[in-house]
Amino acid sequence: MSENSNEFAKTFLIHNKEGKPERDKPWIFRTYGGHTNPKATNELFRNNLSRGQTGLSIAFDLPTQCGYSSDHAIARPEVGKVGVPINSLEDFRILFDQIPIDKMNTSMTINGTSMWLLSLYVALAEERGVSPSVLMGTTQNDIIKEYLARGTYIYPPDASIRLIVDMYEYCLHNIPQWNPSNICSYHLQEAGATPVQELSFALATAIAILDAIRERKCFNEEEFETSVGRISFFVNAGMRFVEEMSKMRAFTDLWDEINRERYGVKNHKIRRFRYGVQ
């Protein structure tokens, strides 16, 4: 191997106990799904898992996203339409019936009520004798994006940031393999933003979260760097090919610069821009 190849291996590859590079684990295969009721969604999940899916990605209906019970008059026309309705721990028992949550990587596309749904997941784990510390997954939990693009917000912006930070504090100390939030610039462009505006608002949200984490002083320096490494982004890729490619490169460079210069993050692996594109 050349010197450059050796450096690449040291930086990017997983190494075994003998120090030899191994292949990375394959990415998680999961379809975004949820409909009608918890039982029907459980059947969908179990069928997908039996056919090779390796994780879960849960879609919740609008009443669940907005904090309404399914029997509320406003909620009734939307129950089960764009995702699974969840009203209680019993619904989670049905949703995850015969699914080993201690071995599952579960993504919840939920924002304003993310802290409640994660608490149900933790309660279900404890009920099954599973330690929350082994749970793996992500709550989208970008409540600010709900103001900017989707409209399913519940709380004022300041309270929303506080709730996001609450999730970071709880997850890092209790569910270390859980990603507390996924910052979604994707929805901003769908709501009319340009690629430049998409980038700007997403990074501003990330800065607001990290500033709030620092002000709370709930982490030591090492834990703070870990929280930085838990931030990921969901990015739009539109039709403006050259501009979109430039945006992706700018996202990567700016995120590295922000974490290095503003927050003093020394570990270059933690400063990486973690993102998915649609």
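Readers should treat all values here as calculations from the given coordinates under stated rules, not as data from a laboratory. Bear in mind the structure is a predicted one, so any value in this text is a computation, not a measurement.
Between helix 38-50 and the chain there is an angle of about 40 degrees, using the helix long axis and the longest principal axis of the Cα atoms.
Working from Cα positions, state the angle (0 to 90°, nearest 10) between the long axis of helix 195-216 and the longest principal axis of the chain. Tilt of helix 195-216: around 90 degrees.
Subtracting the Cα-Cα distance of Gln98 and Lys269 from their residue separation scaled by 0.36 nm leaves 57.9 nm.
Could you list, in their original order, any pairs among Lys25/Lys266; Lys81/Lys103; Lys25/Lys269; Lys103/Lys269 whose Cα atoms are separated by more than 23 Å? Over 23 Å Cα-Cα: Lys25/Lys266; Lys81/Lys103; Lys103/Lys269.
Output the 0 to 90 degree angle, nearest 10, between the alpha-carbon long axis of helix 3-12 and the longest principal axis computed from the alpha carbons of the chain. Long axis of 3-12 versus the principal axis of the chain: about 30 degrees. Please report, to two decimal places, log10 I(q)/I(0) for the stretch 142-278 at q = 0.14, 0.16 Å⁻¹ as given by the Debye formula with identical point scatterers on the Cα atoms and no solvent. Listed by q, the Debye log ratios stand at -0.63, -0.82. The mean of 1/r over all pairs of different alpha-carbon atoms in the chain, once inverted, gives a Kirkwood hydrodynamic radius of 20.1 Å.
From Cα pairs below 8 angstrom and at least 6 apart in sequence, can you work out the relative contact order of the chain, rounded to a whole percent?
Details: 422 pairs, mean separation 33.9, N = 278.
The value is 12 percent.
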